[in-house]
Amino acid sequence: MTTSPRSSIQRTSQGVDIEVVIRGAGEPVLVLHGLAGFDAGRRWLDALSAETHVAAVRLPGFGGPPIPYWFDSIDDLVLAIDELATVFAEERQIILVGLSLGGWVAAELAVRRPSWLGRLVLVNAVGAKFGAPDQREIADLWAHSPAQLADLMFHDSEIGLAHFRFAERDVEDLRVVAQSDEAVVRYAWEPYMHNPKLRARLVRIDVPTRVLWGANDQFVSPEYGRALTAAIPHARFEVIGGAGHMPDIEQPDQLAALVSEFVRLPG
């Protein structure tokens, strides 16, 4: 069953405003977007909300309400989302879904074993380091042109080029893009896209976990996804064909179906 989306601004105890869009009915699913940015109208979320109660969160800094000057780390995001999830849970357990950068936040939350967390889905998630110190596992966002990023991040480079075609966007959209780029630098610049301690902490995740990965992701390879899966107890790895780093854009129906199937599994 689908319902009309309801958008609201939730304020944390530290005074950080977070935009949340809620729709659907059923099992509660909290979604943290990735580097593609926040878009509560994405097709995969619409499909997912046909069976579940979806809360799509705009990570602070990615457009929406301004963030305080001191809000500048993944830990800040983790504390804010934990507080938000506690309210959303209403004494139920939540399925937490994190994509890319949102997957990093989701993994950091999961290692803390919050009582509200029932299941975890990580989609092309960054955040851990598996290779040697001098081995680059995650491509440098700032060292590639939009055309190169389209090839790295998308199975279909034409879809990727459309995503990075900023000249055709309106002023408001460009403002959100600029804010989102600033947010990525705030949260993930140093060390780049990972927490050196997270790999060793992943063993603490004690809930059923799915790791979903675009088969053609060259920004963060499926091999990285398999290493992430191996580090998490009770985790299973699944590949999404015809997708790169952003299956929510390239394969929305397949992504929604995989998450819905996981939600429907008996406890």
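Quick notes on this structure:
- Single residue of GLY102, GLY64 found to be closer than 20 Å to ASP17 by Cα, surrounded by fewer than 24 Cβ atoms within 10 Å (Cβ to Cβ), touching a residue at least 24 places away in the same chain (Cβ under 8 Å) and small (Gly, Ala, Ser): GLY64
Rundown of residues vs (1) among the basic types (Lys, Arg); (2) farther than 18 Å from GLY37 by Cβ, yes/no style:
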residue	(1), (2)
ARG58	yes, no
GLY64	no, no
ALA89	no, yes
SER100	no, no
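- Selection within segment 146-189 - outside any helix (DSSP H, G or I), closer than 30 Å to TYR69 by Cβ and of a type in the set (D, E, K, R): ARG169, ASP170
- Test set (1) part of a loop (DSSP other than H, G, I, E, B); (2) farther than 13 Å from ALA125 by Cα - HIS245 fails condition number: (2)
- Among the residues of segment 43-75, the one identified as of a type in the set (Lys, Arg) and in contact with a helix residue (DSSP H, G or I) (Cβ under 6 Å, 6 or more places away or on another chain) is ARG43.
- Residue, farthest from ALA128 (Cα to Cα), within segment 225-242, restricted to residues that are of a type in the set (A, V, I, L, M) and either in contact (Cβ under 8 Å) with a residue 24 or more places away in the chain or outside any helix (DSSP H, G or I) (or both): ILE240
- Verdict on ALA40 being assigned to a loop (DSSP other than H, G, I, E, B), aliphatic (A, V, I, L, M) and free of Cβ contacts under 8 Å to residues at least 24 places away in the same chain: no
Results for (1) out of contact with any Gly (no Cβ under 9 Å at 6 or more places or on another chain); (2) buried (at least 19 other Cβ atoms within 10 Å of the Cβ), shown as yes or no for each residue.
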| position | (1), (2) |
| --- | --- |
| ASP17 | no, no |
| GLU27 | no, no |
| HIS33 | no, yes |
| ALA40 | yes, yes |
| THR52 | no, yes |
| LEU59 | no, yes |
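- Among (1) over 18 Å from the mean Cα position of the chain (by Cα); (2) within 24 Å of VAL177 (Cα to Cα), the one test that LEU45 misses: (1)
- Among residues of segment 173-202 that are surrounded by 18 or more Cβ atoms within 10 Å (Cβ to Cβ), those with a beta-carbon under 6 Å from a residue that is hydrophobic (A, V, I, L, M, F, W, C) and outside any helix (DSSP H, G or I) at least six positions away or on a different chain give the pairs SER180/PHE62; ALA183/PHE62; MET193/VAL126; MET193/ILE138; HIS194/ALA128; LEU198/ALA128; LEU202/ILE232.
- Checklist (1) surrounded by fewer than 24 Cβ atoms within 10 Å (Cβ to Cβ); (2) touching a Lys or Arg at 6+ places or on another chain (Cβ under 8 Å) applied to LEU45, failing item: (1)
- Whichever residue in segment 44-76 is of a type in the set (Asp, Glu) and part of a loop (DSSP other than H, G, I, E, B) and, among such residues, is farthest from VAL97 (Cα to Cα): ASP72
- From the list GLN10, GLN14, the lone residue that is assigned to a loop (DSSP other than H, G, I, E, B) and either at positive phi or touching a helix residue (DSSP H, G or I) at 6+ places or on another chain (Cβ under 9 Å) (or both) is GLN14.
- Among the residues of segment 116-137, the one identified as surrounded by fewer than 17 Cβ atoms within 10 Å (Cβ to Cβ) and at pLDDT 95 or above is PHE130.
- Yes/no for PRO196 being at pLDDT 95 or above, over 17 Å from the mean Cα position of the chain (by Cα) and within 25 Å of LEU255 (Cβ to Cβ): no
- Residues that are assigned to a strand (DSSP E or B) and within 24 Å of VAL29 (Cα to Cα) within segment 204-224 comprise THR209, ARG210, VAL211, LEU212, TRP213, GLY214, listed in sequence order.
The values are calculated or read from the model by the stated rules, or taken from the named source; none is laboratory data. On a predicted model such as this, the values are computed, not experimentally measured, just so you know. We place every Cβ from the backbone using ideal geometry, glycine too, and count neighbours over all the protein chains shown.
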